[in-house]
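Student: Take a look at this one; I'll ask things after.
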Amino acid sequence: MTEFLVRHFVRNGDQTDDPQVRERYGLLSGIVGILLNLFLSASKFLAGTVTGSISITADAFNNLSDAGSSVVTLVGFRLAGQKADKDHPFGHGRMEYLAGLLVSLLILMVGFELAKSSVEKILHPSAVEFSVLSSAILLLSVAVKLWMSVFNRSLSKRIRSAAMAATATDSLSDAVATFVLFLGLLAGHFFSLPLDGWLGLAVAVFILRAGWGAAKDTIDPLLGQTPDPELVHSIQDTVLSHPQITGIHDLVIHDYGPGRAMMSFHAEVPVDANILEAHDIIDHVERELMEKYHILTSIHMDPIATDDEQVNRRRTMVERLVKEVEPRCTIHDFRMTGGPHHTNLIFDVVAPHNCHLSDSDLRQAIAQRIQAEDPTCFAVIQVDHLFVE
């Protein structure tokens, strides 16, 4: 069914980095969600009225809020698909993350309201009437919600959408919640157990947990999260496949929404390389990365000495001493300035964010080890921190 819908309603569905294609995926998800959730809400409201079950009625309003969430998803993808303008030169892609966050907040709100209603039902229990029609409606709802979860999960994987992943999580939590309510209806009918309120509370906790997880998945890219390690390694391999570039560092990737990213890094080239040829290679790599990863790239060129025996020996010494201080640290931009009585070793140290030493303590510890190893050497150290792992 998913393939059928995508094939007939999403033109060029395989071009998932195209903002217009992503918008059509969002439109498909939103329309399907609105129609099915309105149907389920009306059906459950009927079932709740017939049985007198507060939990089933609450679940009907949960589906109504899901229809509202689908509207949010639809609008979010529509806004995210807008082109860049003078006020937003990187486009509006983060609107998709905001839509996912709003959906997550709606999930949390529904969970809170359901918990409140369930506590009232626990304190003031009332009989729940069994109905074959209501049972059939609940089982149908479970089946529909499971399909919606699979449908939205499939779409989210196709276009790497946190908003659709949140919708899929919401649908799965709804399926579990409704099935629990069905079991409670059976328990109340056959065993006269007043479980309606307790089951409603359990469902509320499940919904709140799912909502918090979905919110975290959308908050992380908004705050700025570490990029996918596989992407980072692939970018490094692509850049270093050019023999004129001997290393890269200070890689930073900025996420402005799915399919809209910018990155920058320093590329190391031999100090004796022809400047025009090196510049041409850098331009070529920028274009290659844009074509391969659809990421706008800006590269800073760092000239380094690669065939100076004294520089290489001192750099190897510094790398060893830095590892003794903090094994996870690396160095780059190493250079030397010599004098009649001492030599300045100038370099940057890249430290992890959870380094047990402060920047000043790290500088001091490394400088002391260098002095102990070679009293003629003085360290000039700049401490950087990892943007990628």
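The values are calculated or read from the model by the stated rules, or taken from the named source; none is laboratory data. From a predicted model like this one, the values you see are computed outputs, not experimental measurements. Ideal geometry is used to build each Cβ from the backbone, glycine not excepted, and the neighbour counts take in all protein chains shown.
Student: Looking only at region 366-389, how many residues end up being surrounded by 16 or more Cβ atoms within 10 Å (Cβ to Cβ) and in contact with an Asp or Glu (Cβ under 8 Å, 6 or more places away or on another chain)?
Tutor: Counting residues in region 366-389 that are surrounded by 16 or more Cβ atoms within 10 Å (Cβ to Cβ) and in contact with an Asp or Glu (Cβ under 8 Å, 6 or more places away or on another chain) gives 5.
Student: Of all residues in region 346-358 being more than 17 Å from residue 249 (Cβ to Cβ) and at pLDDT 90 or above, which is surrounded by the fewest Cβ atoms within 10 Å (Cβ to Cβ)?
Tutor: Ranking the candidates gives 358 first.
Student: Residues 168, 163: which one is without any contact (Cβ under 8 Å) to a residue 60 or more places away in the chain and of a type outside the set (Asp, Glu)?
Tutor: On inspection, the qualifying residue turns out to be 168.
Student: Now, a different point. Kindly indicate whether residue 291 is acidic (Asp, Glu), touching a helix residue (DSSP H, G or I) at 6+ places or on another chain (Cβ under 9 Å) and either more than 18 Å from residue 247 (Cβ to Cβ) or in the same structural domain as residue 241 (by TED's automatic domain parsing) (or both).
Tutor: Numbers: acidic (Asp, Glu): yes; touching a helix residue (DSSP H, G or I) at 6+ places or on another chain (Cβ under 9 Å): no; either more than 18 Å from residue 247 (Cβ to Cβ) or in the same structural domain as residue 241 (by TED's automatic domain parsing) (or both): yes.
The answer is no for residue 291.
Student: For region 45-85, how many residues meet the condition of being within 15 Å of residue 144 (Cβ to Cβ) and either within 34 Å of the chain's Cα centre (by Cα) or not assigned by TED's automatic domain parsing to the domain that holds residue 99 (or both)?
Tutor: 8
Student: Please indicate, with yes or no, whether at least one residue in region 91-98 is closer than 30 Å to residue 179 by Cα, assigned by TED's automatic domain parsing to the domain that holds residue 17 and small (Gly, Ala, Ser).
Tutor: There is no residue in region 91-98 that is closer than 30 Å to residue 179 by Cα, assigned by TED's automatic domain parsing to the domain that holds residue 17 and small (Gly, Ala, Ser).
Student: Of all residues in region 6-20 being assigned to a helix (DSSP H, G or I) and surrounded by 16 or more Cβ atoms within 10 Å (Cβ to Cβ), which is nearest to the chain's Cα centre (by Cα)?
Tutor: Across region 6-20, the extreme among qualifying residues is 19.
Student: Here is a follow-up. Only one residue in 253, 219, 207, 245 is part of a helix (DSSP H, G or I), crowded, with 20+ Cβ neighbours inside 10 Å and either on the phi < 0 side of the Ramachandran plot or not assigned by TED's automatic domain parsing to the domain that holds residue 304 (or both), so which one is that?
Tutor: Just a single option satisfies the conditions, and that option is 207.
Student: Is it the case, given these coordinates, that residue 277 is touching a His at 6+ places or on another chain (Cβ under 8 Å), touching a residue at least 12 places away in the same chain (Cβ under 8 Å) and under 27 Å from residue 309 (Cβ atoms)? Can you show your working first?
Tutor: Working: touching a His at 6+ places or on another chain (Cβ under 8 Å): no; touching a residue at least 12 places away in the same chain (Cβ under 8 Å): yes; under 27 Å from residue 309 (Cβ atoms): yes.
In short, no.
Student: Restricting the first residue to region 189-200 and requiring it to be not β-branched (Val, Ile, Thr), which pairs with a second residue that is not in a helix (DSSP H, G or I) meet a Cβ separation below 7 Å and a spacing of at least six or different chains?
Tutor: Listed pairs, sorted by first residue: 189/130; 194/125; 196/53; 196/128; 197/125.
Student: Check region 297-317 and report whether any residue there is acidic (Asp, Glu), more than 21 Å from residue 272 (Cβ to Cβ), in the same structural domain as residue 256 (by TED's automatic domain parsing) and surrounded by 13 or more Cβ atoms within 10 Å (Cβ to Cβ).
Tutor: Scanning region 297-317, I find no residue that is acidic (Asp, Glu), more than 21 Å from residue 272 (Cβ to Cβ), in the same structural domain as residue 256 (by TED's automatic domain parsing) and surrounded by 13 or more Cβ atoms within 10 Å (Cβ to Cβ), so the answer is no.
Student: Let me ask something else. Could you look through region 136-160, keep only residues that are without any contact (Cβ under 8 Å) to a residue 60 or more places away in the chain and either charged (D, E, K, R) or surrounded by 23 or more Cβ atoms within 10 Å (Cβ to Cβ) (or both), and pick out the one that is nearest to residue 104 (Cα to Cα)? Spell out how you get there, then give the answer.
Tutor: Residues of region 136-160 that are without any contact (Cβ under 8 Å) to a residue 60 or more places away in the chain, as a first pass: 136, 139, 142-143, 146, 149, 153, 156-157.
Now drop any that are not either charged (D, E, K, R) or surrounded by 23 or more Cβ atoms within 10 Å (Cβ to Cβ) (or both), which leaves 153, 157.
Values: 153: 15, 157: 18 Å.
Checking each candidate, the answer is 153.
Student: In this structure, does residue 57 turn out to be out of contact with any Pro (no Cβ under 8 Å at 6 or more places or on another chain), surrounded by 15 or more Cβ atoms within 10 Å (Cβ to Cβ) and either in a helix (DSSP H, G or I) or in contact (Cβ under 8 Å) with a residue 60 or more places away in the chain (or both)?
Tutor: Values: out of contact with any Pro (no Cβ under 8 Å at 6 or more places or on another chain): yes; surrounded by 15 or more Cβ atoms within 10 Å (Cβ to Cβ): yes; either in a helix (DSSP H, G or I) or in contact (Cβ under 8 Å) with a residue 60 or more places away in the chain (or both): yes.
Criteria met by residue 57.
Here's the yes/no breakdown for (1) small (Gly, Ala, Ser); (2) outside any helix (DSSP H, G or I); (3) at pLDDT below 75; (4) within 20 Å of residue 260 (Cβ to Cβ):
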| residue | (1), (2), (3), (4) |
| --- | --- |
| 47 | yes, no, no, no |
| 64 | no, no, no, no |
| 70 | yes, no, no, no |
| 90 | no, yes, no, yes |
| 93 | yes, yes, no, yes |
| 102 | no, no, no, yes |
| 108 | no, no, no, no |
